[in-house]
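Colleague: Sending over a structure as structure tokens; questions will come in a sec.
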Amino acid sequence: MLPEDHPVTWLRRGDGVVGCGVAAELRPRGPGRFAEANEWWGQLTSRAIVRSDVDEPGSGLVAFGSFAFADEPGDSTLVVPEVILGRRGDVSWLTTVSSVGGLDQLDRRLELATTPPAPVGVSFTDGALNGDEWMAAVGEAVRRINRGDLEKVVLARDLIATAAEPIDVRWPLRRLAADYPTCWTFHVDGMFGATPELLVRRERGLVTSRVLAGTIRRTGDDARDLTLAARLARSSKDLEEHEYAVRSVAEALEPHCSSMNVPEAPFVLHLPNVMHLATDVAGVVHDSEEITSLDLAAALHPSAAVGGTPTRDALALITELEGMDRGRYAGPVGWMDAAGDGEWGIALRSAAIEGDTVRLFAGCGIVADSDPEAELAETQGKFVPVRDALGG
Ligand SMILES: C=C(O[C@@H]1C=C(C(=O)O)C=C[C@H]1O)C(=O)O
């Protein structure tokens with residue numbers, strides 16, 4: 001259980017890093033947000049004195065970050081918690097950052113690790129666009145693609161949940177971690193969710209990325225779901241959408257890798273709510289002395305899984321058609337240690353929480369033969385994780 005004081009989370013199957021308190025924080029903005037964060041982190045870690053008995057990525061000083069999707073507008077956060085707990089298999093560690101002021105304070109802090117209360121009186125309303133308006137935007141995107149303006153664009157929409165009282169984020173986090181064990185459950189500064197998509201992980205010179213694109217809803221009937229999974233694996237529309245996403249990731253990683261493995265065909269990733277076409281890309285980085293995992297995330301963002309192809313045209317169309325600010329939705333979220341190793345996911349199946357209001361986000365890749373009604377249904381499937389996690 002996490003303490004109430006500024007909890008941060010990055011968890012998958014019980015492994016990961018969590019923390020609380022704020023020892024240091026940066027709020028970078030604009031197109032230089034990643035570079036500013038890297039520079040700040042480099043200076044901070046070079047001044048720190050670290051004593052550690054553990055030699056695992058994620059031990060010692062760790063920063064958690066959540067970055068805005070777009071260059072403008074948008075706030076991003078990089079935060080160094082006062083207390084960090086890590087676990088990887090049989091190894092666990094606890095890191096305290098000196099401003100905690102000794103073990104007495106730590107005890108007091110951990111006493112705050114209470115059970116969070118369930119949200120009360122939650123109701124949902126449309127966000128920027130209602131269902132019909134959003135389908136019209138998808139129809140327009142399909143027209144532009146067929147006219148030859150671009151190849152793929154990812155369009156998202158939001159849904160607003162309002163509760164009778166402020167929501168304790170630890171409640172949905174607990175539910176998400178339990179219900180979506182193969183996803184990365186995250187929370188940094190109000191942005192939370194359980195993402196199935198790993199933008200980049202860098203550990204000791206090895207880099208991996210899990211690319212998703214191409215989705216089908218699950219029915220709850222296992223036999224039917226298997227038939228649907230086979231259909232997804234053969235669907236030319238989904239394979240095309242997927243190919244754009246894999247290519248964008250492979251091209252962005254290539255300059256940093258001495259060797260790379262990009263599987264030729266995707267596998268089908270089964271989640272409780274949806275199934276995705278998935279490809280795990282891996283490589284050996286040759287520049288880990290100069291380049292951090294956050295630099296790699298910045299080079300990969302926005303991949304065609306959340307932007308489109310070509311990127312610049314897709315971003316312009318997103319601004320034109322979505323009618324909302326994505327905030328940190330679909331931006332990089334994760335952690336990094338002093339060596340620059342870290343894991344950065346894409347903030348999907350996610351929401352922004354502020355007091356009694358939670359803004360949920362979901363989007364879909366649109367290609368030449370996308371059907372607006374099917375895409376709307378897909379967003380509903382993608383809202384399910386956070387929606388259910390807000391239930392009592
Ligand atoms: C954009 C989202 O998901 C992305 C889009 C997908 C698709 O269009 O098939 C699949 C996985 C993600 O890469 C989201 O969940 O909001």
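Colleague: Please verify whether Gly334 is under 10 Å from the mean Cα position of the chain (by Cα), at positive phi and buried (at least 21 other Cβ atoms within 10 Å of the Cβ), treating the condition exactly as stated.
Modeller: yes
Colleague: Any residue in segment 202-222 that's more than 12 Å from Leu277 (Cα to Cα) and at pLDDT 95 or above: show its pairings with residues that are among the acidic types (Asp, Glu) and within 16 Å of the ligand (Cβ to nearest atom) at Cβ separation under 7 Å, as long as the two are six or more apart or on different chains.
Modeller: Hits for this filter: Thr208/Asp280.
Colleague: Another question, then. Tally the residues that are more than 11 Å from the ligand (Cβ to nearest atom), among the basic types (Lys, Arg) and touching a strand residue (DSSP E or B) at 6+ places or on another chain (Cβ under 8 Å), restricting the search to segment 194-214.
Modeller: Qualifying residue count, segment 194-214: 2.
Colleague: Moving on to the next point. Only one of Ala368, Ala362, Ala377 is outside any loop (DSSP other than H, G, I, E, B) and surrounded by fewer than 20 Cβ atoms within 10 Å (Cβ to Cβ). Can you tell me which?
Modeller: Ala377 is the lone residue from the list that is outside any loop (DSSP other than H, G, I, E, B) and surrounded by fewer than 20 Cβ atoms within 10 Å (Cβ to Cβ).
Colleague: In segment 220-247, what residues are in contact with a Lys or Arg (Cβ under 7 Å, 6 or more places away or on another chain) and within 14 Å of the ligand (Cβ to nearest atom)?
Modeller: Scanning segment 220-247 gives Glu241, Tyr244.
Colleague: For Gly391, are the conditions met, namely being of a type in the set (Gly, Ala, Ser), more than 13 Å from the ligand (Cβ to nearest atom) and in a strand (DSSP E or B)?
Modeller: no
Colleague: Here's another thing I want to ask about it. If a residue has to be more than 12 Å from the ligand (Cβ to nearest atom) and not in a strand (DSSP E or B) to count, how many in segment 291-313 make the cut?
Modeller: 15
Colleague: Being over 20 Å from Thr195 (Cβ atoms), aliphatic (A, V, I, L, M) and touching a Ser or Thr at 6+ places or on another chain (Cβ under 7 Å) narrows it down to one residue among Ala338, Ala362; which is it?
Modeller: Just one listed residue meets the conditions, Ala338.
Colleague: If you don't mind, another one. Please verify whether Arg217 is within 16 Å of the ligand (Cβ to nearest atom) and surrounded by fewer than 21 Cβ atoms within 10 Å (Cβ to Cβ), treating the condition exactly as stated.
Modeller: yes
Colleague: Here is a further query. Which one of these is within 23 Å of Leu348 (Cα to Cα), of a type in the set (Val, Ile, Thr), free of Cβ contacts under 8 Å to residues at least 40 places away in the same chain and crowded, with 17+ Cβ neighbours inside 10 Å: Val281, Val246? First the steps, then the outcome.
Modeller: On the way: Val281 fails: free of Cβ contacts under 8 Å to residues at least 40 places away in the same chain.
Val246 is the lone residue from the list that is within 23 Å of Leu348 (Cα to Cα), of a type in the set (Val, Ile, Thr), free of Cβ contacts under 8 Å to residues at least 40 places away in the same chain and crowded, with 17+ Cβ neighbours inside 10 Å.
The values are calculated or read from the model by the stated rules, or taken from the named source; none is laboratory data. The structure displayed is predicted, hence computed values, not measured ones. Note: ideal-geometry Cβ built from the backbone for every residue, glycine included; neighbour counts use all protein chains shown.
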